[in-house]
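The values are calculated or read from the model by the stated rules, or taken from the named source; none is laboratory data. Bear in mind the structure is a predicted one, so any value in this text is a computation, not a measurement. In this analysis, Cβ positions are derived from the backbone assuming ideal geometry, glycine residues included, and neighbour counts consider all displayed protein chains.
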Amino acid sequence: MKTKSISLYIFTATLFAVPALAQTEPKQEKVGTERSGQMGQRSKEMIKRFDKDGDGKLNDAERAEAEKARAERRKNGGPGRPVGGRVREEIIKRFDKDGDGKLNDAERAEAEKNGDEKRQKRNGGQ
């Protein structure tokens, strides 16, 4: 009698478990380092400009060429230059309303807002 009860219990549990297992979807494993939707606009532009073989990625040679172009832009004062020295002085001169030689939170927020607006204009309002 005890064996029949255990067998009946296992049979009933199996009947409920099998459909539940069938309804769960298998886990999808992440393949590679796919970053679609997370890649920034600059990265997309760099790939578009420097990806000579058209594989959607920058190999070592393409990356070296991109870094060389970036260094050249920095040297000539173009986009990508570090915020320091003369650029920092210009920002402080323009946004330092209280004249203490540094930006407080409100002045910094104004400078960042101005920079965001400039970037949006440059990128076509995106």
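Here are a few things to note about the model shown:
- When residue 53 is tested against (1) outside any helix (DSSP H, G or I); (2) at pLDDT below 80, exactly one condition is not met: (2).
- Matching entry among 108, 81, 70, 94 (being modelled with pLDDT of 80 or more and either within 18 Å of residue 44 (Cα to Cα) or in a loop (DSSP other than H, G, I, E, B) (or both)): 70
- The set of residues from region 111-124 being in a loop (DSSP other than H, G, I, E, B) and not small (Gly, Ala, Ser) comprises just one member, 123.
- Among the residues listed as 43, 36, the single one being of a type outside the set (Val, Ile, Thr), at pLDDT 60 or above and closer than 21 Å to residue 123 by Cβ: 43
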